[in-house]
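For reference, the structure is listed below as structure tokens.
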Amino acid sequence: MEHQQYRLIFKHVDQPDYSNDIECYIKNGGYEDLKKAVGMQPEAICQEVLDSGVRGRGGAGFPAGMKWKFLDRKSGKPIYLICNADESEPGTFKDRQIIHQDPHQLIEGMMCAAYAIQAKLAFIYIRGEFYEGYQILERAIEEARNKNFLGDDILGSGYSCDIIVHRGAGAYICGEETGLIESLEGKRANPRIKPPYFPAALGAYQCPTIVNNVETLCDVKHIIHMGGEAFSKIGTPGNTGTRIWCVSGHVQKPGYYEFPCAGVTLGQLIFDVCGGLKPGRKLKAVIPGGSSAKVLRADERFKGKLKDGTDFDWGVEDIPMDFDSLMACGSMSGSGGVIVMDDTTDMVEALANINYFYAHESCGQCTPCREGVPWMRKVTARMCAGQAREEDADLLMNIADQIAGRTICAFGEAASWPVQSFIEKFKDEFIQKAREQAALRNDGKPTKIETTLI
Amino acid sequence: MRMDLKSQTIDKIDKLVPRYPTIRSAALPLCHLIQEDQGYLSKEAIEWIANRLDLQPINIQEIVTFYPMLRTEPTGKYHVRVCRTLPCALAGAYSTCRRLEEELDVSVGHTSEDGLVTLEFVECHADCGKAPVVMVGEDEYTDISPDRATELAKKIKNGDL
Ligand SMILES: Cc1cc2nc3c(=O)[nH]c(=O)nc-3n(C[C@H](O)[C@H](O)[C@H](O)COP(=O)(O)O)c2cc1C
Ligand code: SF4
Ligand code: FES
């Protein structure tokens, strides 16, 4: 079955005749929404964004309009806007496309948002690995400045704001917004304790700051274009607008696909849109929202009540791709990174791979995270190296349970959720691994078998 | 303290520093600029940056040791980075890396004896739809199966890249 994509943010992505310079952008109607925005009252734009119901696309799914309302405007301190272009959650590759192929859409969205919150200065915090993206943005900002879409007295409105592109340097934790702010201030990216450091109250340079994801800020442009009300009609109530799903792993056609929220189910996305799995393979597991999201097992069933009171009874393939449905199934849509695993996947190795990542990326501030995450990495690495023990599954669960909820930032959960969900749903494989190795050992054979994921 | 920096680097630094609300914000950008200029951040470079920003060397040292992309040693002529995170691993990144190790005669995490290549594992480069992803310098190569890794290694060895 064909499922028509709704390309709002990715309208021009991969269009053969589209280029990322400002002439092409303007030819396609670019910066008209900024012209409209600077003619509006800033509060009116904030209201449109609130009415649109748009939720953050960076991971947590917090309504952007609500976040903007929390801004401390009474302090009299300058307000900053930060675009989170760290795109570091494994499995996510949408912001890269916007930056590379349509940078002016982001700049326009940012300037609309900056005007709405009356930011004094805006930043794009871009991960250090995106060197080409950084150069593209620098050039695009220069082009926009020359046309007075940013800088002093934007389009004669009396409002001035510039954008600084700030490069990270390879640390995942810079995606966490308070870690990002520390990094921007020239320090190690150690996340801050909330409260009191909610960025909207005390953010960059101890001033009120809004941090939004690249995609969220692009949405702002479209909200101004069509109005918050019209935007809220895309998708379903509470899950408005489109989402870009980045599908990777064992599918025939990995890639990025934009649909209205709840426009496709997980099954349609994998089997129709992405062409299904390789011949002869069966679906085993899906991580639906970037590697921190809890894994879903192919034969699970989910039953319960949605927020609006309706009952649901879904298999994995029936889950509508939106914020609330995935949450109702105990996982999350997170950053939109859908990682698909077929029946050739060794789940212990897959978890060992994930644990390696989180152990590498802990900032080291909190003891449970600094000590616990590398411990989990060691256990799964040992299991893959031929020294698995039957009690490892319980040990891993025990460590993860003692990290989640006991740390300064949500990295603690991000690192624990994979472990908790893998053990909960694939515990038999962890025990099986230990038994197989014990049997080999009894036969005097080597227990270390070649691995593919670690 | 003297540093032989390219005049463009000095130019960029002088333009960049005053743009930030606080001078310390320029620390990471300066590390990038000096690293691009010199290839790595020496002890002298760290002191130079601290001095330029009116900070203590420890303030720079602590970020240099925190951020994986900042280096205190030069890399080989070719800096090859293989993404090993789950989506790339599911697409065979570990085999790709093993092939690069064989072809380039260097083990991952090291620089070859002739100084030609530094081979490293890195974490997700946000292009998982085209896994496995390999970077050579700042150039990205996608869908690098072991066989394509062999081709890539040949080009590196022949200086065709
Ligand atoms: C460990 C961790 C990593 C994160 N990485 C990113 C990231 O790479 N990009 C991003 O936009 N948000 C990331 N976030 C979420 C940000 O903290 C923040 O919520 C988000 O940028 C807000 O923007 P939004 O409301 O538009 O989603 C991360 C959060 C955590 C806890
Ligand atoms: S949870 Fe981990 S990453 Fe977050 S602040 Fe604590 S140590 Fe750092
Ligand atoms: S896992 Fe390699 S690019 Fe994302």
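The values are calculated or read from the model by the stated rules, or taken from the named source; none is laboratory data. Treat the numbers as computed from the prediction; the structure is a model and nothing was measured. Ideal geometry is used to build each Cβ from the backbone, glycine not excepted, and the neighbour counts take in all protein chains shown. These area figures cover heavy atoms from the full protein model, side chains too; ligands, DNA and RNA do not enter into them. Shrake-Rupley method; radii C 1.70, N 1.55, O 1.52, S 1.80 Å.
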What number, rounded to the nearest 500 deg cm²/dmol, is the helix-based mean residue ellipticity at 222 nm of chain A, given -39500 (n - 2.57) per DSSP H run of at least four residues and division by all its residues?
-12000 deg cm²/dmol
Under 5 Å between amide hydrogens, which residues at least 5 positions from A:LYS284 or on another chain qualify, with H placed 1.01 Å from N in the peptide plane?
A:MET341, A:ASP342, A:ASP343
In debye to the nearest 20, the charge dipole size for the protein assembly as shown, taken about the Cα centre with +1 at each Lys and Arg Cβ and -1 at each Asp and Glu Cβ, equals 980 debye
About the Cα centre, charge dipole magnitude for the range A:240-342 (Lys/Arg +1, Asp/Glu -1 at Cβ), debye:
380 debye
Would you mind pulling out the separation of the Cα centroids of the range B:103-161 and the range A:1-73, in Å?
37 Å
Averaged across the residues of A:122-131, what count of C-beta atoms belonging to other chains lies within 10 Å of each residue's C-beta?
4
Any idea what the relative contact order of the range A:240-342 is, in percent, if you count C-alpha pairs under 8 Å spaced at least 6 apart?
35 percent
Could you sort A:355-363, A:336-344 so that the peptide with the highest average Cβ count within 10 Å comes first and the rest follow in order?
A:336-344, A:355-363
If you rank A:GLU48, A:GLU43, A:GLU87, A:GLU317 by how much accessible surface each has, with a 1.4 Å probe, what is the order from largest down?
A:GLU43, A:GLU317, A:GLU48, A:GLU87
Using amide H atoms built 1.01 Å from N in the peptide plane, name the residues 5+ places from A:ILE164, or on other chains, whose amide H lies under 5 Å from its own.
A:ALA122, A:PHE123, A:ILE124
Take each of the peptides A:150-162, A:416-428, average the number of other beta-carbon atoms within 10 Å over its residues, and list them starting from the highest.
A:416-428, A:150-162
Apply the Karplus curve 6.51 cos²θ - 1.76 cosθ + 1.60, θ = phi - 60°, to the phi angles in the range A:218-233 and return the couplings in whole Hz, x for Gly and Pro.
5, 4, 4, 4, 6, 5, 5, 4, 9, x, x, 4, 5, 4, 5, 7
So which aspartates and glutamates can A:LYS448 reach, going by Cα to Cα under 20 Å and dropping same-chain residues fewer than 8 places off?
A:ASP346, A:GLU349, A:GLU390, A:GLU391, A:ASP392, A:ASP428, A:GLU429, A:GLU436
Could you tell me how many degrees, from 0 to 90 and to the nearest 10, lie between the Cα long axis of helix A:131-146 and the main elongation axis, the longest principal axis, of the Cα atoms of chain A?
10 degrees
Using the Karplus curve 6.51 cos²θ - 1.76 cosθ + 1.60 with θ = phi - 60°, work out ³J(HN,Hα) for each residue of the range A:174-191 in order, rounded to whole Hz, and write x for Gly and Pro.
5, x, 6, 4, 7, x, 4, 5, 4, 5, 4, 7, x, 10, 4, 7, 7, x
What percent does the relative contact order of chain A come to when contacts are Cα pairs within less than 8 Å and at least six residues apart?
16 percent
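Placing unit charges on C-beta atoms (Lys and Arg positive, Asp and Glu negative, everything else neutral), compute the dipole magnitude of the range A:160-317 about its Cα centre in debye, rounded to 20.
Roughly 580 debye, rounded to the nearest 20.
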Cα centroid separation - the range A:168-187 against the range A:269-329, whole Å
32 Å
If the reach is capped at under 16 angstrom between alpha carbons, list the aspartates and glutamates near A:LYS67, excluding any in the same chain fewer than eight residues apart.
A:GLU43, A:GLU48, A:ASP51, A:GLU176, A:GLU177, A:GLU215, A:ASP219
Mind checking the mean number of beta-carbon atoms from other chains within 10 Å of the Cβ atoms in B:26-32?
5
Which of A:GLN437, A:GLY405, A:LEU351, positive extreme of dipole for the range A:347-453 (C-beta unit charges):
A:GLN437
Name the long-range amide H neighbours of A:THR265: under 5 Å, sequence gap of 5 or more, or other chain; modelled H, no Pro or chain starts.
A:MET321
Could you pull out every one of the aspartates and glutamates with an alpha carbon less than 17 Å from that of B:LYS77, ignoring same-chain neighbours closer than 8 positions?
B:GLU36, B:ASP37, B:GLU101, B:GLU103, B:ASP105, B:GLU113, B:ASP114, B:GLU120, B:GLU138, B:ASP139, B:GLU140, B:ASP160
Using the charge dipole of chain B (Lys, Arg: +1 at Cβ; Asp, Glu: -1 at Cβ; taken about the Cα centre), state which of B:GLN56, B:GLY115, B:HIS32 has its Cα farthest towards the positive end.
B:GLN56
Among A:96-109, A:435-448, A:260-273, how do they line up from the highest to the lowest mean number of other beta-carbon atoms within 10 Å?
A:96-109, A:260-273, A:435-448
Ignore the peptide's own chain and count Cβ atoms of other chains within 10 Å of each Cβ in A:98-107; give me the average, rounded.
0
